[in-house]
Amino acid sequence: NYGVTDRFGIEVAIPYKKIKHRHFDGLGEVSGGAGEETRFSDNGFGDVFINAKYNVLPSLRSLLVTGFGVYVPTGDHNQTTAGLEGGAETMEPTAQIGRGQVGLQASFYQTYELIPHRLNQFASGSYRHTFRNNFGYQFGDQFDFSLGANLVTVPWLVLSNQFNFRSMARDHYRASLARSQRPTDLTCSG
């Protein structure tokens, strides 16, 4: 975070992710129907988030900060793993370090001192939208909301209670998918 003025600031977040993923391909088709285990792991820097924040209501007892940010698709989103019969396959978008497309986020943070220097309440919320990437995958919209209070009992002990809510819309995929083989496809006609 960097305060450009008393009311305007810039936030830059550069996440580092470590991912381990495991699933089975070809259930009912290979290895006697047990499928083939695929393991995938990756680590690196994810999508960079640049957020402009503006303090709308600065006062001694209250604070209201609004923000608008952009997720820049800098994280790797093309990782592959060895697939069935040795062929490489691109891992699904949810197992990648980056999303592969620009995302936008609007947010707010609010706090008010109910009893100065003793008891304050806070609330925050955000909405994130990511556009469809080159693989035809679009991550669902995400809504986050938090509400809580802090009580200073003694200078070295602060009690906090918080309620968090997250709602994520369904992801959407637009592409042509081939059907997996069925056991009846393996029988020979003659």
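Quick note: the coordinates plus some simple rules give every number you see, no bench work behind them. Keep in mind the model is a prediction, meaning the values are calculated, not measured. Positions of Cβ are generated from backbone atoms using ideal geometry, with glycine treated the same way; all protein chains shown enter the neighbour counts.
Using a Gaussian network model on the chain with a 10 Å cutoff between Cα atoms, which of Thr130, Thr90, Thr66 fluctuates the most? The residue that fluctuates most here is Thr90. Restricting the chymotrypsin sites (Phe, Trp or Tyr not before Pro) of the stretch 90-164 to loop positions (DSSP other than H, G, I, E, B) with no more than 16 neighbouring Cβ atoms within 10 Å leaves Phe131, Trp156.
Using the Cβ of Gln105 as centre and a radius below 12 Å, the other residues enclosed give a net charge of -2, where K and R count +1 and D and E count -1. Among the trypsin sites (Lys or Arg not before Pro) found in the stretch 1-75, those both in a DSSP coil and sparsely packed, with 15 or fewer other Cβ atoms within 10 Å of their Cβ, are Arg7, Arg61.
This model, with +1 at the C-beta of Lys and Arg and -1 at the C-beta of Asp and Glu, gives the chain a dipole about its Cα centre of some 640 debye. Based on Cα atoms of the chain, Rg over Rh with Rh as the Kirkwood radius reads 1.15.
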